[in-house]
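The structure under discussion appears below in the form of structure tokens.
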């Protein structure tokens with residue numbers, strides 16, 4: 001039963017990290033253009049170095 | 001908008017590169033938005049962005065493929081008119097969007113807020129469910145208590161944050177002494193939390209923390225779906241409105257400047273070029289032209305305009321440039337005055353109570369009474385407050401309208417998505433339900449059943465030699481009749497005759513000389529012919545009586561199919577138009593509509609809809625013009641094409657995005673099936689309650705049973721809705 005003292009906090013923290021990640025993506029407008037983003041990955045324009 | 005001063009000679013887009021000196025107190029950058037209907041792939045994105053970024057003056061450009069739109073940051077003197085040709089050269093069609101209209105009603109924040117609450121509720125319910133499953137699996141004593149306490153620690157703040165929309169809505173209903181769906185929800189949530197906390201402090205066996213959270217999660221999901229569906233429709237409707245950039249060319253001391261319509265004041269002189277729409281009401285000061293009034297009155301015959309003639313906002317100038325003195329602006333224009341008529345007629349939609357409201361009216365008091373009765377019954381039976389409260393909470397949770405909350409939005413989302421792919425925009429939340437009840441369809445003629453483009457009917461009556469002259473004259477003009485004539489002659493393989501000295505006489509027609517004699521193509525009075533009832537252009541080649549090219553308004557694609565399908569579905573179809581009786585009769589006969597009215601004023605149209613409604617008919621009005629707006633608002637449900645005037649689109653519940661009319665018949669069918677699914681969903685939800693409620697009242701319900709009932713009913717309801725797609 002001792003294992004619960006580790007596992008419950010760990011599961012909560014991991015879930016919380018996922019939640020924070022999701023909130024971050026919502027706040028930084030990452031769902032504004034899902035179609036465009038899925039197409040942009042095919043572009044070879046900034047393959048060599050990131051866009052300045 | 002920045003005022004751009006340039007010499008009046010620079011009328012063509014190519015002349016815009018002429019340096020402009022008078023830009024008063026320039027802002028450092030401007031934002032522009034372009035609609036790009038043709039883009040669809042990664043190559044398009046790159047080409048458009050590269051092309052725009054290479055244009056001098058553009059700081060940055062970003063394409064949004066989902067919205068098919070480009071947002072551009074540029075120096076203040078860059079205008080959309082400069083960028084559209086750049087994209088045109090790349091092969092992309094582009095239209096300017098009015099940023100003021102686009103941002104005016106942005107509901108983005110509300111959606112994001114709802115999504116955050118949904119995410120938090122989802123996170124918390126999964127964690128608590130994990131702990132609850134361990135309790136159901138057999139955790140006892142101290143372990144169970146610990147799990148309950150952890151659950152409580154997660155649940156309480158989550159409910160406080162995520163369930164806020166329900167608290168607010170329930171409070172606003174209670175404040176005016178009404179019951180809505182959210183009152184039993186809030187009561188169930190609060191009661192569940194109170195009893196669960198109480199049980200936890202007493203080391204009790206049952207806690208409903210997970211039920212409270214999943215309930216919140218499912219209900220929020222329903223809300224979010226509902227919101228998304230309407231946000232998609234709203235942003236598409238916004239885009240349609242933003243495509244009409246409200247701008248006018250003002251003349252002051254012979255200098256042209258482009259200003260927004262809001263800046264015009266009475267007495268200003270404005271220039272309206274051929275093809276332009278009158279932005280305000282006014283009076284012609286100079287110039288001669290023809291005006292197309294079909295959007296205002298439904299007449300297809302253009303009206304001659306010269307000095308002294310009054311013009312109304314919304315009319316389209318056809319042939320020559322007109323200088324107009326502004327007589328009324330803003331709210332006083334005839335366009336806006338029509339809004340008053342709409343406000344009076346606006347009742348078709350407010351009379352309707354949605355299926356969800358009807359269900360809530362039955363459901364909310366029922367649940368409260370049931371729960372109160374079980375509380376009283378158990379208290380009198382056992383004199384144990386704890387047991388009685390637990391059972392009352394269980395009854396409330398199990399009956400809670402999880403499935404009811406999803407029943408309507410899941411179906412409308414699926415149905416709206418399906419119709420959106422067919423090119424129909426459902427703007428109003430209850431439009432589908434109302435559409436399903438329709439038994440009478442009233443069509444407007446001009447611009448709705450017809451495309452608003454003339455079609456030549458008597459090409460075969462002419463000699464080839466005459467046609468060659470007519471083609472030469474027609475090619476010199478941008479008038480819709482000339483364009484149609486030139487196209488028809490071109491398709492028939494006619495080549496233009498060598499007519500010299502061709503020039504257009506605005507408002508009258510085109511003139512030239514052919515083998516020494518004067519030839520004319522234009523208005524009846526100008527060439528000395530008899531004015532007829534049918535739209536016509538007359539050809540005068542000097543030697544004989546002028547010959548008339550007769551035109552009919554081309555049918556919109558799918559008009560015949562739509563009318564046939566509606567008649568086939570047993571609906572009554574009527575045609576009400578402001579156009580001349582002759583023209584209406586011809587069209588009605590062509591489409592097989594027996595019930596038609598011509599020369600109808602806007603008031604006549606509303607009256608007709610009202611009479612039909614009083615007879616108990618549910619009327620669907622399909623129209624596009626200003627003269628239809630009041631009728632659109634008065635009808636039970638209304639549809640307008642995308643080409644309609646802004647006022648008409650605002651007044652209607654559904655907007656048809658494409659040219660084709662066929663989706664109308666399909667929409668009726670989908671709406672019918674959607675309401676059937678909604679009713680089915682209500683029945684499914686009730687069925688679960690019929691099974692689970694007796695258990696709860698008998699005190700046999702456990703949190704496990706509550707969770708099972710809630711999840712299965714929500715999932716069945718959603719799956720049932722998905723069958724519509």
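Tabulated data for the structure shown
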{"quantity": "Descending principal axes extents, the stretch B:360-466, alpha-carbon based, whole Å", "calculated": "107, 25, 15"}
{"quantity": "Cα→Cβ-extended label distance, 7 Å offset, between residue B:599 and residue B:498, nm", "calculated": "5.0"}
{"quantity": "Antiparallel bridge percentage (DSSP; both residues within the protein assembly as shown; nearest 5)", "calculated": "80"}
{"quantity": "Average Cα contact separation per residue, the stretch B:453-553, under 8 Å, 6 or more apart, as relative contact order %", "calculated": "27"}
{"quantity": "Computed E for residue B:530/residue B:231 - FRET, C-beta separation, R0 51 angstrom, nearest 0.05", "calculated": "0.35"}
{"quantity": "All-pairs Cα distance distribution in the stretch B:202-270, expressed in whole percent, bin size 10 Å", "calculated": "16, 20, 15, 14, 12, 10, 7, 4, 2"}
{"quantity": "For the stretch B:526-631: span of alpha carbons on each principal axis (Å, largest first)", "calculated": "61, 29, 20"}
{"quantity": "Sorted by Cβ density within 10 Å, fewest first, the residues B:44, B:400", "calculated": "B:44, B:400"}
{"quantity": "Relative packing of B:443-451, B:199-207, which averages over residues the other C-beta atoms within 10 Å, highest first", "calculated": "B:443-451, B:199-207"}
{"quantity": "FRET efficiency, 1/(1 + (r/R0)^6) with R0 30 Å, evaluated for residue B:679 and residue B:712 via beta carbons", "calculated": "0.95"}
{"quantity": "Compactness index (Cα Rg / 2.2 N^0.38 Å), the protein assembly as shown", "calculated": "1.19"}
{"quantity": "Residue order, fewest to most beta carbons within 10 Å, for B:483, B:68", "calculated": "B:483, B:68"}
{"quantity": "Separation of the residue B:75 and residue A:13 label points, Cα + 7 Å toward Cβ, nm", "calculated": "5.5"}
{"quantity": "When chain B is reduced to its Cα atoms, the Kirkwood hydrodynamic radius in Å", "calculated": "29.8"}
{"quantity": "Peptides ranked, highest mean first, by Cβ atoms within 10 Å: ranges B:698-707, A:43-52", "calculated": "B:698-707, A:43-52"}
{"quantity": "Relative packing of B:54-65, B:209-220, which averages over residues the other C-beta atoms within 10 Å, highest first", "calculated": "B:209-220, B:54-65"}
{"quantity": "Distance between modelled label sites at residue B:478 and residue B:50, nm, 7 Å Cα→Cβ extension", "calculated": "3.3"}
{"quantity": "Three principal axis lengths of the stretch B:246-332 [C-alpha, angstrom, descending]", "calculated": "34, 26, 20"}
{"quantity": "Pairwise FRET efficiency - residue B:29 versus residue A:41, Cβ, R0 = 25 Å, nearest 0.05", "calculated": "0.25"}
{"quantity": "Gain upon complete extension [residue B:89, residue B:380; 0.36 nm per residue less C-alpha separation]", "calculated": "96.4 nm"}
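Values quoted throughout were computed directly from the atomic coordinates according to the rules given, and no laboratory measurement underlies them. What you are looking at is a predicted structure, and each value in this text was computed from that prediction instead of being measured. All Cβ positions, even for glycine, are placed from backbone atoms using ideal geometry, and neighbour counts span all protein chains on display.
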